[in-house]
Amino acid sequence: MFRVARQLFRFRGLLGTLTARELKARYRGSVLGFLWSLANPLLLLAVYSFVFGVLFRPARSQGIGDGPYALFIVSGLFPWVWLSTSALEGSMSLIANSGLIRKAVFPAELLPMVVVLSNLVHLLLAMPVVLSAVLAMSLLTHTVGGPGVVMLPLVLLLHLPMVAGLALGASALTVHFKDVRDLLANLLTLLFFLTPILYSLDFFSGGQNRGMQLMGWVVRLNPFTPFTRAYQDVLFFGRAPEGLLWAQMALVSLVFWAAGAWLFDRLRETLVEAA
Amino acid sequence: MSDPLSHPAPLPETAIHVEGLEKLYRRTLPGDRLRTLKSVLVEGSLTGNLRREDAIVALTGIDFTVARGEAFGVVGGNGSGKSTLLKLIAGMLKPTAGRITVSGRVAAMIELGAGFHPEISGRENVFINGAVLGLSKREIARRYDEIVEFSGLGGFMEEPVKNYSSGMYVRLGFAVAIHTDPDVLLVDEVLAVGDEAFAHRCIRRIEEFLAAGRTLLLVSHSLDLVAGLCDRVLWLENGKQRLIESPRRAIDAYRQEVAETEAEEHQAAKDQRDAAGDSAAAASTTASSGADRWGSREAEITAVRLLNAAGAEHYHLQSGEDATFEIEVRAAAALADFVFGIAIATPRGIEVWGTNTDLEGYVPASFAGAATVRLTCPALRLAAGEYTVDVAVHARDGAPYDYHRRALSFTVTAATARQGGVGVYVPEHRWGFTGDVRWTGEEI
C-alpha cells in the first residue's frame, strides 16, 4: 500500500497533467464547456428545491431545523456523487486504458486516481453554488450556515483517501471480474438510501418501533455516514463536526485506503496480463 | 553525455542481468477466475499454486548478462517468448522464478505511441508520453524542439493524434522514447513500421545511442537488422534459450534451422503433390501436376539439392561461398534431345541468372536411366537475401519434359557486417578516397 502512495507521489506531475486532460476532454465539443461544472449543480439544486419545496413538503424533517430541505440534501448529495462516480468510473479505468497498460510501461495506479481527482474538481466547482445558496438562505433569516464551513477542506482531505481506496480496489478487481461494476452500481444505490442524505440521523432517534431502531443502527454503522454528517455539519449547519465524527472519518478513510491500495498492489502484476 | 553531474555514481558494468528466469502464464479456463483471484490475494502470485499442466511456459531457464554499452539481439519464431522477455526486463511483468536486475534509466519501445491519447494534440501527448517515461515537464520542454524535428511532424503538433496516420504515430512515439535519454533501451520490433527513410533515421539514431556507450536490447524478426546492430544474439525457441553467440553464428544457426524446417514442409507438400501428380500422369503423359511443375515426364527430376563447399546439403550460404546445385534426373526411355537448365530468382520473381546446357554449347547425344547433374558456382557472390531456384529438363526446342519452378529456396547472408548494399549481386569491390575526405571510427 506504500508502493501505491510512492508511485502516486513520484508521478504527481503526470497525475496533474492527466487530470487536466481528463477535464478538458470531458467538455470538449460542448458550447458551455467548463460552465457545465457550475450549471450542473445549480440545476440539480433547482430541481430538488422544486420537488421538495413546491411539489411536496416532506412531513418528517427532524434534525434539519428550518433550513430548506433541498439545501440539506445537496450538501450530502454532491460529495456522494463524487464518491459513487469515482468508484464506478474508476472501476472501468484500467480496462478502458488496457492498451496503455499492456503496451507501455505505465504506472497503472494513476488511472483510477485521475478519475477520483477529476471528479473531485467537479465537486469543488459545485461548492461555490452550495455556499452561495447557503449564504442567500441565511440572509433570508433561515438558520443555515456558519463559521464551521472553514472545516470543509479538512473534511475533503480526510474523505479523499477513502474515495481513492475504493476506486483503486474496484479498478484492480474489475480487471479480473467485470461483474464488479454491476455489483458496485447496485450496492451504491442501496448504500445511498442507507446513508443519511435524504434524511437526518435524528429521524431514527426517539422511535419506539424496533425495526426503526435497527435501521438506525445500520445507518449509523454505514461507513459512508460519518462523512455525510460532516459535510452536512460544515455546509448546512455551519458548525464544526464533533470529535467522535473526526475519529470515525479518519478510521474509515484509513481502512478504505489501506484495503484498496493493498488489493491494487497485490493484483498489480496481473494487470499487464489481464487488462 | 558523460556529464559527471547527471550520473553522480558511475553505472555498474553490467546493464542487464538475467538469472534462472522462468515465466509461466496461467491458462484461462472458464470458471477458474475465483481460483485465480484467490491465489493472487493469498500468495501474491498468479502462478503460485499452479500445477505445471495448467500453465503455459512462456520462458524457462533463461540466463544471460548484457554488459553496459552492448547491443544484444533476441531472435526466434513467433511465440518463442521474445516479447515476454522484453516485458519482464522492462518490469511490466513479474517473473515466476529467477532474477532480473537492470541498472540505469530504462526506456521500452514495445508499441510506439501506445500511451497516446487520441483526442488530444500531438504536443500534449509528447508531454504526457515523456512524463510516463520519467521526464519532468522542464526536461521535456527542453527537448521538445528536438523531438518534433526528429519526428518530422512539425506541422501536425497541434492536431489531435487520432488524425495521425499509423506511420506518424510511430514516428512521434519513437522520437519521444529516444529523447528520454535512457541508459538501457529495450526495443520490440518497432522499427519495421514507418517508412524506409524514417526507419533508417531510427537506426542511425540507435547507432549514435550505442556509440555513446548506452545499452540496447533489440527484439526483431529482421535478422539483417539484428546482424547489423548487435554484438551478441540470443536465439529463443519455444521459451528456451537455444544459444547466445555472435550475430553471425546465432543467425546462421537460426536460419539454417528455419530453412531445414521449411525444406521438410516443402518436401512434404511436394510428396503430396507428386502423389497426386502420379495418378494424373497415368491418365495423360502431358498433364502437369500443379502450376509450379509441368512437362511430359519423358525425363523426370527426382531430387534437387544445394550443396556447400564441403559437399554437404545446405540451404544457407554466405555471400562469396562456393555453391553446387545438384539435380537428379531419370529418363523414362533413352532420349537423344535433352537440355538441363537452372535459374536463380528472388522470391519476387526477379531473375538473377539462368543458364542451360544448350546455351553453353553442350550438344546432346544420349541420356538414359538415372543421372546426376551438378552446376558448381565457385564464389557465388549474391547479395544478402532470399533466393529461389527453378530447374528444368526439356527438349532443345523448349518442349518441357519436366519443368520445376521454385524447386528449392536458400538464403544468403553478407560475408561481413560491413558488407551492406542493395541488389542481388556483390561484385568484388573496394573504396578509395583522395583529397581531404575523413571518416570517424576505425580504419577499414
Cβ neighbours within 10 Å from other chains - mean over A:267-273 = 6
note = With +1 on the Cβ of every Lys and Arg and -1 on the Cβ of every Asp and Glu, the dipole magnitude of segment B:266-413 about its Cα centre, in debye rounded to the nearest 20, is 200
message = Using the crude model of +1 on Lys and Arg Cβ and -1 on Asp and Glu Cβ, and no other charge, please compute the dipole size for the protein assembly as shown relative to its Cα centre, in debye to 20.
response = 3680
key: Peptide B:106-117 - average C-beta neighbours from other chains (10 Å radius)   = 4
ask   = To the nearest Å, what is the center-to-center distance of segment B:376-420 and segment A:6-43, using C-alpha atoms only?
value = 64
ask   = Fewest first, what order do A:TRP217, B:TRP294 take by the number of other Cβ atoms within 10 Å?
value = A:TRP217, B:TRP294
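What order do you get for B:HIS17, B:HIS200, B:HIS314 when you list them from fewest to most C-beta neighbours inside 10 Å?
Arranged by neighbour count, lowest to highest, B:HIS17, B:HIS200, B:HIS314 become B:HIS200, B:HIS17, B:HIS314.
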note = The alpha-carbon center of segment A:169-231 and that of segment B:195-222 are separated, in whole Å, by 57
remark   = Once the in-chain neighbours fewer than 8 apart are removed, the aspartates and glutamates whose Cα is under 14 Å from A:LYS24 read B:GLU119, B:GLU124
inquiry  = I'd like the orientation of helix A:152-176 relative to chain A: the angle between its Cα long axis and the longest Cα principal axis, in ° from 0 to 90, rounded to 10.
reply    = 50
Built amide H within the under 5 Å cut-off of B:ALA407, gap 5+ = B:VAL389, B:ASP390, B:VAL391
task = Please give the helix A:69-96 orientation as an angle from the longest Cα principal axis of chain A, in degrees from 0 to 90, rounded to the nearest 10.
result = 10
query = With a 10 Å Cβ neighbour count serving as the proxy for reagent exposure, in which order, fewest first, do B:VAL161, A:VAL180, B:VAL258 appear?
reply = B:VAL258, A:VAL180, B:VAL161
ask   = Other chains near B:120-128: what is the mean number of their Cβ atoms within 10 Å of each residue's Cβ?
value = 2
query = So what's the gap between the Cα centers of segment A:64-108 and segment B:138-178, to the nearest angstrom?
reply = 33
key: Inter-label distance, nm, simple model (7 Å from Cα along the C-beta direction), B:ALA309/A:PHE2   = 6.4
query = So which of B:LYS82/B:LYS162; B:LYS23/B:LYS82; B:LYS23/B:LYS87; B:LYS87/B:LYS240 end up more than 20 Å apart, counting from Cα to Cα?
reply = B:LYS82/B:LYS162
query = For helix A:36-50, what angle does its Cα long axis make with the longest principal axis of chain A, in degrees from 0 to 90 and rounded to 10?
reply = 30
query = What length, rounded to one decimal in nm, is gained on full extension from B:ALA379 through to B:ASP322, with 0.36 nm per residue of separation minus their alpha-carbon distance?
reply = 20.1 nm
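The numbers here are math on the coordinates, done by the rules we state, and not lab data. Quick caveat, the model's predicted, so the values are computed rather than measured. Heads up, the Cβs are rebuilt from the backbone with ideal geometry, glycines too, and the neighbour counts pull from every protein chain shown.
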